[in-house]
1. At a temperature of 10 °C and a viscosity of 1.306 mPa s, determine how fast the range 278-345 diffuses translationally according to Stokes-Einstein, using the Kirkwood radius over alpha-carbon pairs as Rh; express D in µm²/s, rounded to the nearest whole number.
2. For a Förster distance of 30 Å, can you work out the FRET efficiency between the beta-carbons of residue 20 and residue 112, rounded to the nearest 0.05?
3. Using 0.36 nm per residue, how much length does the chain from residue 251 to residue 221 gain when fully extended, once their Cα-Cα distance is taken away?
4. With a 10 Å Cβ neighbour count serving as the proxy for reagent exposure, in which order, fewest first, do 66, 21, 81 appear?
5. Would you mind getting me the FRET efficiency between residue 381 and residue 452? Use the beta-carbon distance for r and R0 = 35 Å, nearest 0.05.
6. Just to check, using Stokes-Einstein with a Kirkwood Rh over alpha carbon pairs, what's the diffusion coefficient of the range 379-430 at 20 °C and 1.002 mPa s in µm²/s?
7. Compute the Kirkwood hydrodynamic radius of the range 365-465, taking the inverse of the mean of 1/r over all pairs of distinct Cα atoms, and give it in Å to one decimal.
8. Rg and Dmax in Å for the range 12-151, alpha carbons only: what are they?
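What follows is calculated from the coordinates using simple rules that are stated; it is not laboratory data. Computed from a prediction, not measured in an experiment: that's the story for all the values here. Please note: Cβ atoms are built from the backbone with ideal geometry, for glycine as well, and neighbour counts cover all protein chains shown.
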Ligand code: ADP
């Protein structure tokens, strides 16, 4: 891996805690595997829970001085970090593809996307405005100020090894919080490379630390039980989100949760079908279907069902499966063997209940963790894919008759993260965008992520928002000051 990089020092085999590069106190390590080839590309420290507690102590101490800096001073350092990430975009992308598998073009895009949060929230650091409220009595003056919550702890998944961290650490640091992150154990190298650049940018010791550890539940408990942590931010499954919320309840910790989705993608009969096909490809097959905003259920109206499926088939058959580091690859490997099991299970379940394969449907000959992009038609609500997130390259096509029916089907889920639809009739567009019970609606687009907009879900898809001017609020407390004059 190092030989592919301009700056080989970005591959770190120690972790970054309290401004120092360290090993685990017990010397333990774990391997990082390239999912395309199955080979070990690095080993990183496997920190025990006690080492995590030490990182939290350091974060607690460091946060006091960090919060005292002006927003402008914090902004300068974050800007430097952003610049360094973009200067090293290619190296960060190669590291990401090596540990996560996504095509290099997507990794470059993710580094730019992740970095954009550091730029954005650095700018927002200067705009943490309070307010004055006319007093309720003639001798009272009311002011409201915003202050950092304190130490924030984050837990992130493997599907966006840079952006999921950047979306959390940037608003936290901008607000004046310190931050301790536990990246997913499949993808620690991207987190460590970010820490290397954070150090160079001048982020003070202890303000940002990385806990590489295979003990997910032990570190999760430390984050929830340690009284020095005042904020928990998590991206991952709804199942683990529920565990963390229960644990965090004991000390009434503030929580932000970006959890699972089950995104509907609706194609109405007045849609531009070519645009809908393009949108479906981008939205379903990005990161090989391994994102929480990927289309999980594709609903197509009767009159355009055959046209849409034929065009989607053609587009899917043009996708190249392969090693993300090779030119021309559109779909890399899945992250691990159990991810393939889930894709297979959803496809077999659909076929056993009347679904028909249009293309794909089986493992790819590219290697152990590769699967062919698959479309199944005649999918119905009694199949697993209607209620569970596949997280893989399987596009199920449901058929519907009218607006009211599809709105009901789309909303019939415990999830409420992203949703998409294609239509052109103005009143239909307005009716549907308002009726979808989702935190995010893409209208005639399959790509919705940007640092300037609030990303987050309703129902069991989560709590809080990341990105936009709203995103920093998740790391701030309001203080109301009543002054007697
Ligand atoms: P995914 O299927 O995307 O890995 P998970 O919700 O299982 O989703 O994992 C998201 C992150 O949460 C990962 O970093 C994982 O290691 C971590 N995690 C899993 N279980 C727990 C737990 N009980 N406590 C804390 N973190 C956990």
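1. 118
2. 0.50
3. Result for the pair: 9.6 nm of gain on full extension.
4. Placing the least packed residue first, the sequence is 21, 66, 81.
5. 0.45
6. Estimated diffusion coefficient is 168 µm²/s.
7. 15.5
8. Radius of gyration, then largest Cα-Cα span, for the range 12-151: 20.9, 73 Å.
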